[in-house]
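The values are calculated or read from the model by the stated rules, or taken from the named source; none is laboratory data. Since the structure is predicted, the reported quantities are computational estimates derived from the model, not experimental observations. Backbone-built Cβ (ideal geometry, glycine too); neighbour counts: all protein chains shown.
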Amino acid sequence: MKGVYIHIPFCKKICSYCDFCKLFYDSSWARPYLKKLSNEIDNYYMGEDIRSVYIGGGTPSALALNELEYLLNLTKKFKKMKNIEFTFECNLEDINMNMLKLLKFYNVTRLSIGIESFQPHINDVMGRHHDYKDAKEKIALARSLGFTNINLDLMYGFYNETLDDLKKDLKMFLKLKPEHISAYSLIIEDHTLLKVNHIPSILEEDELLMYETLCEILVRSGYNHYEISNFAKKGYESVHNLNYWDNGEYYGFGLGASGYIDKVRYTNTKNFYKYINEDFRCEEKILPIKEIMDNEVMLGLRKIKGINKKEFKDKYNVELEDAYPIKPLLKNKDLKQKKEYIFIPLDKLYVMNEILLKMI
C-alpha cells in the first residue's frame with residue numbers, strides 16, 4: 001500500500017513566508033502543466049494499491065473549474081483502496097459551491113484549509129486576507145455538502161505576535177470544530193519575502209511558550225496530539241502523513257515533488273520548462289539500508305507514540321538498541337519506553353533535533 005502526492009504549483013498570490021515550489025497562476029500555463037502531469041503519472045505509476053491521495057501546492061484551488069475537473073479526473077488512473085483518504089488543499093477565498101460539488105463528485109474525503117491566523121496584523125505580514133466570518137461560512141458550506149473531515153492549518157511564532165494573539169486564534173479555530181489541526185511555527189526561509197525584508201525571528205523562549213500553550217489547549221479540547229505538529233479528533237489522524245512518518249512508500253508527481261518507491265528517493269525538477277518538456281526528475285538515489293533505518297528513526301520519533309521496537313526488528317532484522325544508542329538516552333531521559341514503543345517525552349519534543357543528533 002502506497003500514498004500519492006500531487007503538486008499543483010500555481011498560486012493567485014505568493015505568501016511572504018512560503019518557500020515551496022510555486023508560480024503565479026496563468027491559465028496558459030495550467031492546462032499544459034496538467035497534461036504533462038498526466039504523462040508523468042503514466043510513465044511512473046506501477047499500478048499498486050493506493051491508500052491515500054493528497055493534492056497540495058502551491059494552491060490547487062487556484063485552478064479554474066474545468067482545469068480542476070481535468071486534474072481530479074487524473075486520479076482515476078490510480079488503483080484506489082476502498083477506504084482511501086483523498087485530501088485536497090484549498091484557500092478560503094477559493095471555496096465555493098461549484099468547487100465543493102466537484103470535489104465531492106470525485107470522492108475527495110478530506111479538505112485541508114490554509115488559514116494560518118485570523119489576527120489582522122499577522123495576516124498583513126503573511127500577505128493573506130480573510131477573517132473568521134469567511135471561514136465560518138465556507139466551512140458551513142462544506143459541511144452542508146457532506147464533508148466530515150476538515151483540517152485547518154495554523155501558524156504561530158511571528159515577530160509581532162503575542163501569546164494572547166495565539167490564544168485568540170486557537171479559540172476561533174476551536175469554534176470552527178475541525179476534525180484536525182496542523183500547527184506549525186514560522187520558519188523564515190531563504191528566498192522568501194520575509195527573509196528579503198529582514199523580518200526578525202521570534203525569540204526561542206517565546207516560541208517554546210507558544211508551542212506548549214497550543215499543545216495544552218488543543219489536548220484539553222479533545223484533540224489527540226499524535227505528531228509533533230499535528231492534532232486530531234479520535235479516528236481523524238492523517239493517513240497520508242502517517243505514511244510519511246512511518247517511513248512508508250509514496251509517489252510524488254508534479255513540479256518539485258519528491259517520492260520514495262522501492263528504496264529509491266527521487267526529486268522532480270523545479271524548472272517549469274524542463275517539466276513541460278518531460279524532463280521530470282532531477283535526482284534519483286537508491287538508499288542504502290543504513291539511510292533507510294536513519295529515516296525510520298528520524299520520522300518515527302516525530303510521532304508522539306514513537307517507534308515500535310518489534311516492527312523495527314521485523315523490518316530490518318536488527319534490534320533498535322543494537323543499531324542506535326538507545327540505552328544512554330533512556331538513562332538521561334531524552335527518550336522513554338512504554339511497552340514496545342520508544343519515544344521522545346512531551347517535555348523534550350521541542351529539542352527533538354538535538355536528541356536525533358545524539359542518535360544518528
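This table checks each residue for (1) among the acidic types (D, E); (2) out of contact with any Pro (no Cβ under 6 Å at 6 or more places or on another chain); (3) buried (at least 19 other Cβ atoms within 10 Å of the Cβ); (4) within 23 Å of E237 (Cα to Cα).
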position: G114; (1), (2), (3), (4): no, yes, yes, yes
position: V125; (1), (2), (3), (4): no, yes, yes, no
position: K136; (1), (2), (3), (4): no, yes, no, yes
position: L154; (1), (2), (3), (4): no, yes, yes, yes
position: T162; (1), (2), (3), (4): no, yes, no, no
position: T192; (1), (2), (3), (4): no, yes, no, no
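Return yes or no: is N98 part of a helix (DSSP H, G or I), under 28 Å from D279 (Cβ atoms) and over 21 Å from the mean Cα position of the chain (by Cα)? Answer is no for this residue.
Would you check if there is a residue in segment 26-34 being among the hydroxyl-bearing types (S, T, Y) and assigned to a loop (DSSP other than H, G, I, E, B)? No, segment 26-34 has no match at all. Each residue in segment 101-134 was checked for being under 20 Å from I181 (Cβ atoms) and either at pLDDT below 95 or touching a helix residue (DSSP H, G or I) at 6+ places or on another chain (Cβ under 7 Å) (or both), and 16 of them qualify. Looking across segment 293-320, the residues that are over 21 Å from the mean Cα position of the chain (by Cα) and surrounded by fewer than 17 Cβ atoms within 10 Å (Cβ to Cβ) come down to K310, E311, K313, D314, K315, Y316, N317, V318, E319. All of K22, K12 fail the test of being in contact (Cβ under 8 Å) with a residue 24 or more places away in the chain and either crowded, with 18+ Cβ neighbours inside 10 Å or acidic (D, E) (or both), apart from K22. Within segment 96-112, the residues that satisfy the criterion of being over 26 Å from D165 (Cα atoms), surrounded by 15 or more Cβ atoms within 10 Å (Cβ to Cβ) and not charged (D, E, K, R) are M99, L100, L102, L103, Y106, V108, T109.
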